[in-house]
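The values are calculated or read from the model by the stated rules, or taken from the named source; none is laboratory data. Note that this is a predicted model, so its numbers are computed, not measured. Here Cβ is always computed from backbone atoms with ideal geometry, including for glycine, and neighbour counts include all displayed protein chains. The area values use the complete protein model at the heavy-atom level, side chains included, leaving out ligands, DNA and RNA. Shrake-Rupley method; radii C 1.70, N 1.55, O 1.52, S 1.80 Å.
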Amino acid sequence: MSADEEAAVFRAPMRSRRSDAVEGAAVERALTHGVCGLGGVRLDPPPATLADAVRRISATGGDRLAARLARFANAPDGAFVWTIDLDGLLWLGRLHGAWYYDPRSAAAEVDLIHVRPCRWLAAPVAEHRVPAGVRATFARGGKNWQRIRSAAVFDASTRLWEEGSRSEQ
């Protein structure tokens, strides 16, 4: 793994682009089920591989979604992810597994069908401890999975993770 991969931190807002999806429901599902993910085009039958999902999404004219999905799926295991819940609280997690398509109706209902296993800390990070770079990326708004390229954010995320993991033992 390269040093760049080891220092990977991402913003994962998990906010649906669908008007019928309940605001905040995808984040709640992600925290409850230990996943991180994206929404998008529902695929029937479910794709067996990432390549199949990307190809089928591109074929429907969803090239931007297909590219986002590929970036998400190819993020390194162990990368830190930050999300924000409906109350504005920020949560820190770490990816730990490969992409899969979740065909369950509950996942489709909240528009969180492209997922990866993610370990989340048991509680949100106290506001005064959230790295400034994380706050800034969420303050800009948006619904996209996005890399946060900041050594300070990586270092702070590492410290918070280590402290949070110790307190959960």
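Things worth noting here:
- Residue that is surrounded by the fewest Cβ atoms within 10 Å (Cβ to Cβ), among those in the stretch 107-129 that are of a type in the set (Lys, Arg) and under 30 Å from Leu50 (Cα atoms): Arg119
- Residue check for Thr137: open to solvent by less than 30 Å² (accessible area, probe 1.4 Å) and either within 20 Å of Phe72 (Cβ to Cβ) or at pLDDT 95 or above (or both): yes
- Qualifying residues in the stretch 25-37 (those that are over 12 Å from the mean Cα position of the chain (by Cα) and either loosely packed, with under 15 Cβ neighbours inside 10 Å or small (Gly, Ala, Ser) (or both)) - the one nearest to Trp91 (Cα to Cα): Thr32
- The numbered conditions (1) crowded, with 16+ Cβ neighbours inside 10 Å; (2) more than 26 Å from Glu163 (Cα to Cα); (3) modelled with pLDDT of 95 or more are all true for Gly40 except (3).
- Scanning the stretch 128-148 for residues that are part of a helix (DSSP H, G or I) and aromatic (Phe, Trp, Tyr) gives a single hit, Phe138.
- Restricting the stretch 153-169 to residues that are modelled with pLDDT of 95 or more and of a type in the set (Gly, Ala, Ser) leaves a set whose member that is surrounded by the fewest Cβ atoms within 10 Å (Cβ to Cβ) is Ala156.
- Lone qualifier among Val22, Val54 - being in contact (Cβ under 8 Å) with a residue 40 or more places away in the chain and open to solvent by 30 Å² or more (accessible area, probe 1.4 Å): Val22
- Residue count for the stretch 34-51 satisfying the condition of being closer than 15 Å to Arg116 by Cβ and touching a residue at least 24 places away in the same chain (Cβ under 8 Å): 9.
- Residue ranges of helices (runs of 4 or more DSSP H) in the stretch 50-127 with at least 3 members under 27 Å from Asp155 (Cβ atoms): 63-73
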